[in-house]
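Only one structure is covered here, and it is reproduced in the block below.
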Amino acid sequence: MKILLAHTCHDLGKMEFYSRFTPLGLGYICGALRREGYDARIVNMSERSWIRAARFLEAERPELFGVSTFTFNRHEAMRLAAPAREASLASLIVAGGPGAPSPPAAAQGEPIDGPDRPVISAAA
């Protein structure tokens with residue numbers, strides 16, 4: 001299974017040193033997945049334009065796309081989920097971290113442009 005774990009900062013965060021950091025928790029999750037034999041990678045999309053991010057996701061076509069969400073980047077994280085969904089309609093979209101939306105958009109009857117599953121945790 002091809003797994004892609006992603007982070008992006010908010011638009012103004014591109015100028016903030018700490019907002020661009022890849023969360024440490026993604027490294028822990030990726031390491032655990034790799035140890036279990038999964039094809040897992042981490043990508044920080046903070047410096048990519050939305051067009052470049054969409055092209056990257058289209059080329060990668062992950063089967064599971066996990067996005068790290070905090071209060072400061074929750075809107076951008078959900079915006080990043082949309083091209084992941086378009087790139088691979090069969091993929092599972094997971095939002096994790098302290099800013100993960102709950103319940104998922106699909107459970108609220110909204111169009112699925114956000115995660116299929118929220119994982120509320122400080123690890124992501």
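Out of all the residues in region 1-19, is one or more surrounded by 14 or more Cβ atoms within 10 Å (Cβ to Cβ) and among the hydroxyl-bearing types (S, T, Y)?
Within region 1-19, one or more residues are surrounded by 14 or more Cβ atoms within 10 Å (Cβ to Cβ) and among the hydroxyl-bearing types (S, T, Y).
Which pairs have Cβ atoms under 8 Å, sit 6 or more apart or on different chains, and link a residue in region 65-90 that is among the acidic types (D, E) to one that is surrounded by fewer than 24 Cβ atoms within 10 Å (Cβ to Cβ) and not in a helix (DSSP H, G or I)?
Qualifying pairs under 8 Å: E76/C9; E76/H10.
Within the bounds of region 95-104, is there any residue that is under 18 Å from E16 (Cβ atoms) and at pLDDT 90 or above?
No, every residue in region 95-104 fails to be under 18 Å from E16 (Cβ atoms) and at pLDDT 90 or above.
I'm trying to understand the selection: among the residues of region 55-74, which are among the charged types (D, E, K, R) and in a helix (DSSP H, G or I)?
Of everything in region 55-74, those that are among the charged types (D, E, K, R) and in a helix (DSSP H, G or I) turn out to be R55, E58, E60, R74.
Being more than 10 Å from the chain's Cα centre (by Cα) and buried (at least 19 other Cβ atoms within 10 Å of the Cβ) is the requirement here; does L80 meet it?
In short, no.
Within the bounds of region 107-117, is there any residue that is modelled with pLDDT of 85 or more and assigned to a helix (DSSP H, G or I)?
The answer is no, given that none of the residues of region 107-117 is modelled with pLDDT of 85 or more and assigned to a helix (DSSP H, G or I).
For (1) modelled with pLDDT of 90 or more; (2) among the aliphatic types (A, V, I, L, M); (3) exposed (fewer than 15 other Cβ atoms within 10 Å of the Cβ), each residue gets a yes or a no:
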| residue | (1), (2), (3) |
| --- | --- |
| L26 | yes, yes, no |
| C30 | yes, no, no |
| E36 | yes, no, yes |
| D39 | yes, no, yes |
| I51 | yes, yes, yes |
| E60 | yes, no, no |
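The values are calculated or read from the model by the stated rules, or taken from the named source; none is laboratory data. Please read these numbers as outputs of a predicted model, since none were measured by experiment. Cβ sites come from the backbone with ideal geometry, for glycine too, and all protein chains shown count toward neighbours.
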